[in-house]
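Colleague: One structure, as structure tokens, below. Some questions next.
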Amino acid sequence: MSLLYDARQIAKRDPAARSVVGVIFLYSGFHAIVYHRVSHFFYRHKLLSVARWVSQVGRHKTGVEIHPGAKIGKGLFIDHGMGIVIGETAVIGDNCTIYHGVTLGGRGHSRGQRRHPVIGDNVLVGAGAKLLGPITVGNDVSIGANAVVLHDIPDYATVVGVPGKVVRIDGKPMTSHAVELDHSLSDDPLETEMQQLVNTVNSLQGTIMDLKQQINDLHKERTSDNEEPDDGRC
Ligand SMILES: CC(C)(COP(=O)(O)OP(=O)(O)OC[C@H]1O[C@@H](n2cnc3c(N)ncnc32)[C@H](O)[C@@H]1OP(=O)(O)O)[C@@H](O)C(=O)NCCC(=O)NCCS
């Protein structure tokens, strides 16, 4: 049974959990999933108002707001709950972990299309992280606390920062700083500014080299003009 699997997964993954029974009775993250399974059932059967009502009761009791339309795989561990928002077209794979303050939200208001993230299996989303827009996050991804993720993320990546950047793939650090500084790949205003500064410094260095060359040429010309003509007299 899926709910029992969810509770077992939480008991397995939370070092603070003492037993599956404790999870079932005392974990608001587990309660949020129960409310969602019920509201999603009504949503699938087109009883949208009932679905919304169950979801709002769940939100009131747990501090976790999951839209009834969101698709959530088995074994989701919502640690601490509180302040989590999961949007209507969001999809969460199996055995994921989500900490408090996470948003799986939209960036626009277009109706009838996917507006929220799709997340693979075994993904960890750190406290306060925001995943925005119809992005796709691969399997086995770790998203750092307070990261703001706006682009697709490949499998096995570790993402941190604002905006979120991949800093590790499969535990190995990303080394190419040059690639990270290519501002065509970046939405980060600071990086864009930095790249512009680097370009300006490079072009100034070019200008300085040209000026040096011109001064040297001028100097050579002057010295050859000033040299006394050798007429052979002592
Ligand atoms: C992102 C995370 C999963 C990475 O863990 P990890 O695989 O052990 O990787 P590391 O800790 O070695 O971090 C990799 C790099 O990212 C940086 N980093 C890690 N977490 C970060 C974060 N949240 N924000 C910014 N940078 C972060 C590290 O400083 C390190 O940088 P470096 O390579 O320059 O040294 C982890 O740091 C994290 O944020 N987990 C969420 C935990 C959480 O929300 N807990 C709430 C409990 S209530």
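The values are calculated or read from the model by the stated rules, or taken from the named source; none is laboratory data. Worth saying up front: this structure is predicted, and the values here are computed from it rather than measured. Virtual Cβ from ideal backbone geometry, glycine too; neighbours counted across all protein chains shown.
Colleague: How many residues are in a helix (DSSP H, G or I), within 30 Å of Gly164 (Cβ to Cβ) and at pLDDT below 90 when one looks only at segment 185-234?
Modeller: Kept after step one, since they are in a helix (DSSP H, G or I), are these residues of segment 185-234: 185, 189-226.
Add one more test, that the residue is within 30 Å of Gly164 (Cβ to Cβ), and what stays is 185, 189-202.
This time we only want the ones that are at pLDDT below 90, so: 185, 189-196.
So the answer is 9.
Colleague: Given the condition in contact with a Leu (Cβ under 9 Å, 6 or more places away or on another chain) and either crowded, with 17+ Cβ neighbours inside 10 Å or free of Cβ contacts under 8 Å to residues at least 24 places away in the same chain (or both), answer yes or no: does some residue in segment 40-52 qualify? Before you say what the answer is, go through the steps one by one.
Modeller: Of all residues in segment 40-52, those in contact with a Leu (Cβ under 9 Å, 6 or more places away or on another chain) come to 41-42.
Among the residues that remain, those that are also either crowded, with 17+ Cβ neighbours inside 10 Å or free of Cβ contacts under 8 Å to residues at least 24 places away in the same chain (or both) are: 41-42.
Looking through segment 40-52, at least one residue is in contact with a Leu (Cβ under 9 Å, 6 or more places away or on another chain) and either crowded, with 17+ Cβ neighbours inside 10 Å or free of Cβ contacts under 8 Å to residues at least 24 places away in the same chain (or both).
Colleague: Which ones in segment 17-31 are outside any helix (DSSP H, G or I) and over 15 Å from Gly58 (Cα atoms)? Explain how you work it out, then say what you get.
Modeller: Initially, segment 17-31 is screened for residues outside any helix (DSSP H, G or I), giving 17-19, 27.
Matches in segment 17-31: Ala17, Arg18, Ser19.
Colleague: From Gly81, Gly112, Gly108, grab the single residue that is more than 11 Å from the chain's Cα centre (by Cα), small (Gly, Ala, Ser), within 16 Å of the ligand (Cβ to nearest atom) and part of a loop (DSSP other than H, G, I, E, B).
Modeller: Numbers: Gly112 fails: within 16 Å of the ligand (Cβ to nearest atom); Gly108 fails: within 16 Å of the ligand (Cβ to nearest atom).
Checking each option against the conditions leaves just Gly81.
Colleague: Look at segment 128-172 and say how many of its residues are among the aliphatic types (A, V, I, L, M), outside any loop (DSSP other than H, G, I, E, B) and more than 8 Å from the ligand (Cβ to nearest atom).
Modeller: Quick first cut of segment 128-172, residues among the aliphatic types (A, V, I, L, M) only: 129, 131-132, 135, 137, 141, 143, 145, 147-150, 153, 157, 159-160, 162, 166-167, 169.
Subsequent filtering for residues that are outside any loop (DSSP other than H, G, I, E, B) retains 131-132, 137, 143, 148-149, 153, 157, 159-160, 166-167, 169.
From what is left, the residues that are more than 8 Å from the ligand (Cβ to nearest atom) are 131-132, 137, 148-149, 153, 157, 166, 169.
Number satisfying all stated conditions: 9.
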